[in-house]
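Colleague: Next up is a structure, given as structure tokens.
The values are calculated or read from the model by the stated rules, or taken from the named source; none is laboratory data. Since the model is a prediction, treat every value here as computed from it, not as a measurement. Cβ: placed from backbone, ideal geometry, glycine included. Neighbour counts: every protein chain shown.
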Amino acid sequence: MSADRALTAAHLTDFAARITDETPTTAPPNFDDVLDDVQRLGLRPGALVVVALPNTATTIHILLALLHLETVPMAISPATPSSRITALTGQLGADALITTKPGPARHRTQPVATATATPLGTPRVRYEPGEFVILTSGTSGIFSACVHRLDALLRNAAKHAHAVGLRPDDTVLVNLPLHYSYAIVAQVLAAFTTGAHLVISGPPFSPPAYHAMLNRHDITSSSITPTIARTLLEHRTKLPDQLRMLTVGGDHLAPTDTRELLALHPHELYLTYGLTEAGPRVSTLAAHTEPAQRHGSAGLPLPGVHVELRDVQPETGIGELLITTDTALTRRTDGHPPLLPTGQLATGDLFSLDDDGYLHFHGRRSEFVVLRGEKVSLFTIRQAAHRIPGVLRCTPHLATTPDGTTHLDLELHIDNPAQAEEIRGTLNRFLLPKERPRRIDINTGTTPELQK
């Protein structure tokens, strides 16, 4: 389905009618009403609109309406602190913010369905109609986002849907945050391209509530993260028989977890690898069809995705994964080149390739860590700390408890001991919940290293 054909009002209205809110507090407005509301905002073509809303059908309606009106949406977590939203919208050149919380009194606000739109002034950055901006996980810093073409995202969604066998008669549960590229592309846009139905829920996750939703809505397709998978395994949650297909993405799933998950769900289980810059899905393993020795693999590249390794270690065969794909981002908002001169995307992830072309993940070269099941960038945390006046240096320290849980502690050097508590509070308010350290240690005074 082409982007032009997909974005007609008739196609969008039809898709919106196939979306169900799991627990709506009020009856959701229909898509035509949302489209009228967004149109009355008078946004110019190419305007960047930041959407900070929870998982609801209305949120999807708003994103689709923005695309239909040739503006450029970017979804972010509704839990993002206001100070970070202000910094983010200014740095990225947003024209408007749509959120459930009203904007500052100095801004003119307008209602959009159940949300409020705040004009943000004249942007310094220009975007084009047909673009879609997706915030990265933080590997390149607080203000790094990927600019994609919608038609490329739809191609990626269609490739993923084909790889996991998504069908028009499927009902897809979306309980991952809509600002994740995995949810918006591999679930929402995949359902859009195939004609499948959507049921929208959201965090927090609990096995009993998840099991009840699967049964209540006759869910046939669900996507989870490895953290959710491990929670299900811990509770020994047998999944309903009507759940034909389960996909896992967002991080690596251990082979033992894969085998245990197959015991709980002896139907179709797909392990996927991807990253936002790639559009986002890259490879898929149909674990239910593979021998046990392949259960640690990320599978085979999607059609049209070509992979190779660089800086390969001769003794291990491990190197950094490079990707060539027609669904890669067109540019980055931080100004860094999105691709290598060869046209390849450098992932920063370490892989090996077996003789049959299957990808095997071995870790990351970047400053990525997984804390409480969430990907966190140490660079982003340092960048946030260094924005605070009086912070001379920020040093992250990682510690692993005997049960395998990774914790983050921060060591801050500041020049005024009287600011210690103020700086702690400012940093914690700026960071997302997943980024907040277990402990912040404060040291005062300079050192020779700090004076360099």
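Colleague: Considering only residues that are more than 23 Å from the chain's Cα centre (by Cα) and of a type in the set (D, E, K, R), which ones fall in region 289-323?
Modeller: Scanning region 289-323 gives 290, 294, 308, 310, 311, 315.
Colleague: Answer yes or no as to whether residue 399 is over 26 Å from residue 87 (Cα atoms) and either outside any loop (DSSP other than H, G, I, E, B) or acidic (Asp, Glu) (or both).
Modeller: Details: over 26 Å from residue 87 (Cα atoms): yes; either outside any loop (DSSP other than H, G, I, E, B) or acidic (Asp, Glu) (or both): yes.
Answer is yes for this residue.
Colleague: For the structure I just gave you, tell me whether residue 281 is basic (Lys, Arg) and surrounded by 18 or more Cβ atoms within 10 Å (Cβ to Cβ).
Modeller: Details: basic (Lys, Arg): yes; surrounded by 18 or more Cβ atoms within 10 Å (Cβ to Cβ): yes.
Yes: the conditions hold for residue 281.
Colleague: From (1) in a helix (DSSP H, G or I); (2) touching a Pro at 6+ places or on another chain (Cβ under 9 Å); (3) farther than 21 Å from residue 83 by Cα, pick out the condition that doesn't hold for residue 427.
Modeller: So residue 427 meets the others, but not (3).
Colleague: Let me ask something additional. I need the full set of residues from region 203-224 which are closer than 20 Å to residue 58 by Cβ and touching a strand residue (DSSP E or B) at 6+ places or on another chain (Cβ under 8 Å), in order please.
Modeller: Residues satisfying the conditions are 213, 217.
Colleague: Out of 266, 204, report the one residue that is of a type outside the set (Ser, Thr, Tyr), more than 23 Å from residue 24 (Cα to Cα) and either assigned to a loop (DSSP other than H, G, I, E, B) or at pLDDT 95 or above (or both).
Modeller: Working: 204 fails: more than 23 Å from residue 24 (Cα to Cα).
Selected residue: 266, the only one of 266, 204 that is of a type outside the set (Ser, Thr, Tyr), more than 23 Å from residue 24 (Cα to Cα) and either assigned to a loop (DSSP other than H, G, I, E, B) or at pLDDT 95 or above (or both).
Colleague: Can you tell me which condition residue 336 does not meet? The list is (1) surrounded by fewer than 17 Cβ atoms within 10 Å (Cβ to Cβ); (2) in the same structural domain as residue 286 (by TED's automatic domain parsing); (3) touching a strand residue (DSSP E or B) at 6+ places or on another chain (Cβ under 6 Å), and all the others hold.
Modeller: (3)
Colleague: A further question on this structure: Within region 215-236, is even one residue surrounded by fewer than 17 Cβ atoms within 10 Å (Cβ to Cβ), of a type in the set (A, V, I, L, M) and over 16 Å from residue 173 (Cα atoms)?
Modeller: Scanning region 215-236, I find at least one residue that is surrounded by fewer than 17 Cβ atoms within 10 Å (Cβ to Cβ), of a type in the set (A, V, I, L, M) and over 16 Å from residue 173 (Cα atoms), so the answer is yes.
Colleague: Name the residues in region 18-33 that are within 21 Å of residue 193 (Cβ to Cβ) and either part of a loop (DSSP other than H, G, I, E, B) or touching a residue at least 40 places away in the same chain (Cβ under 8 Å) (or both), would you? First the steps, then the outcome.
Modeller: Step one: of region 18-33, the residues within 21 Å of residue 193 (Cβ to Cβ) are 18-20, 31.
Answer for region 18-33, where residues must be within 21 Å of residue 193 (Cβ to Cβ) and either part of a loop (DSSP other than H, G, I, E, B) or touching a residue at least 40 places away in the same chain (Cβ under 8 Å) (or both): 18, 19, 20.
Colleague: Follow-up question, since we're still on this one. What number goes with the only condition from (1) in contact (Cβ under 8 Å) with a residue 24 or more places away in the chain; (2) part of a loop (DSSP other than H, G, I, E, B); (3) under 30 Å from residue 380 (Cα atoms) that residue 307 does not pass?
Modeller: (2)
Colleague: Let me ask something else. Which condition number does residue 199 fail, the rest of (1) in a helix (DSSP H, G or I); (2) among the hydrophobic types (A, V, I, L, M, F, W, C); (3) within 23 Å of the chain's Cα centre (by Cα) being met?
Modeller: For residue 199, the exception is condition (1).
Colleague: Still on this structure: Condition test on residue 284, is it out of contact with any His (no Cβ under 8 Å at 6 or more places or on another chain), over 15 Å from residue 347 (Cβ atoms) and modelled with pLDDT of 95 or more? Even if it seems obvious, please write down each step before you answer.
Modeller: On the way: out of contact with any His (no Cβ under 8 Å at 6 or more places or on another chain): no; over 15 Å from residue 347 (Cβ atoms): yes; modelled with pLDDT of 95 or more: yes.
No.
Colleague: With at pLDDT 95 or above and closer than 17 Å to residue 132 by Cβ as the only criterion, which of 43, 92, 12, 66 stands out? Break it down into steps so the answer makes sense when it comes.
Modeller: Values: 43 fails: at pLDDT 95 or above; 92 fails: at pLDDT 95 or above; 12 fails: at pLDDT 95 or above.
Unique residue meeting the criteria: 66.
Colleague: Here's something else I'd like to know. Output the residues belonging to region 224-240 that are charged (D, E, K, R) and either more than 12 Å from residue 264 (Cβ to Cβ) or part of a helix (DSSP H, G or I) (or both). Spell out how you get there, then give the answer.
Modeller: Taking region 224-240 first, the residues charged (D, E, K, R) are 230, 234, 236, 238.
The answer is 230, 234.
Colleague: In addition: Could you check region 245-288 and list, in sequence order, the residues that are touching a residue at least 40 places away in the same chain (Cβ under 8 Å) and over 23 Å from the mean Cα position of the chain (by Cα)?
Modeller: 255, 268
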